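Note sheet for the following structure.
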């Protein structure tokens, strides 16, 4: 089966420290990793490692980081033939600061991601229509509109940054979405409901048949074709949460594509995400 992932192409630099240094101070890193990242890219790598045939649509710069990104995805079994190489642009870069006992901090430089245009999507319309599953993640609203213009009923993980800036735009696009992946904060922001069950029901009224809410240590809640499913979280030692939601989406959609019932698919997705957060880096789902 063919999966198509659409979204950002980044290089993620993750640094692990005990504390944030003061001004003009340096601290030793406990560890540091560099890997290909971006939500759609994380999804693509995870789906490929789960046995799916995966194609990615994204944009990188014509620089050394772009070459690293392409090589990493190709070695991971992902088809990069539709990745745009933007001349004169730098590949997107994300610095992820993981402080012991605290939530991660991220600094993003979008770079060549801004070169992916709605016209690029329209020109690849045949690929979008032909895929068995299309998943877009953290894409800008014009890209999301273009994808949904070509094909409705797809999977979408809008991400907190997009929702924070464009909540109303995301809401208006929901009638054309088939599956949506959110975390607790995102579900509240999108639905304006604090209770995740109420959030899921409200979102479902707008169109999506499958709403999956990732609640971290509280587990996962899903509304699938009119029925609620709850799966407890798998307890693990949390090292790095980056990319866990993307791996969750990849595992869930892969399981569903292979005919697994909803609850079993969610359990497999939870297990894959738990494995991801137990080790550093993003390209190891």
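The values are calculated or read from the model by the stated rules, or taken from the named source; none is laboratory data. Worth saying up front: this structure is predicted, and the values here are computed from it rather than measured. Counting neighbours? That spans all protein chains shown, and the Cβs are built from the backbone with ideal geometry, glycine included.
Of all positions in the stretch 194-211, at least one carries a residue that is modelled with pLDDT of 95 or more, assigned to a loop (DSSP other than H, G, I, E, B), more than 14 Å from the chain's Cα centre (by Cα) and under 30 Å from residue 101 (Cβ atoms).
Scanning for something part of a helix (DSSP H, G or I) and touching a residue at least 12 places away in the same chain (Cβ under 8 Å), does the stretch 236-243 turn up at least one residue? Taking every residue of the stretch 236-243 in turn, none turns out to be part of a helix (DSSP H, G or I) and touching a residue at least 12 places away in the same chain (Cβ under 8 Å).
Each residue in the stretch 112-129 was checked for being surrounded by fewer than 24 Cβ atoms within 10 Å (Cβ to Cβ) and touching a strand residue (DSSP E or B) at 6+ places or on another chain (Cβ under 7 Å), and 5 pass.
For the stretch 83-105, filtered to residues that are assigned to a loop (DSSP other than H, G, I, E, B) and touching a strand residue (DSSP E or B) at 6+ places or on another chain (Cβ under 9 Å), the residue that is surrounded by the most Cβ atoms within 10 Å (Cβ to Cβ) is 91.
With the requirement that a residue be touching a residue at least 40 places away in the same chain (Cβ under 8 Å), over 16 Å from residue 105 (Cα atoms) and surrounded by fewer than 18 Cβ atoms within 10 Å (Cβ to Cβ), what does the stretch 2-29 give you? Scanning the stretch 2-29 gives a single hit, 2.
Whether any residue in the stretch 194-201 is free of Cβ contacts under 8 Å to residues at least 40 places away in the same chain and closer than 26 Å to residue 6 by Cβ is what I want to check. Looking through the stretch 194-201, at least one residue is free of Cβ contacts under 8 Å to residues at least 40 places away in the same chain and closer than 26 Å to residue 6 by Cβ. When the stretch 249-268 is filtered for residues that are in a helix (DSSP H, G or I), without any contact (Cβ under 8 Å) to a residue 24 or more places away in the chain and out of contact with any helix residue (DSSP H, G or I) (no Cβ under 6 Å at 6 or more places or on another chain), only 264 remains.
Can you confirm whether residue 77 is in contact (Cβ under 8 Å) with a residue 24 or more places away in the chain, closer than 25 Å to residue 250 by Cβ and within 17 Å of the chain's Cα centre (by Cα)? Spell out the reasoning first.
On the way: in contact (Cβ under 8 Å) with a residue 24 or more places away in the chain: yes; closer than 25 Å to residue 250 by Cβ: yes; within 17 Å of the chain's Cα centre (by Cα): no.
The answer is no for residue 77.
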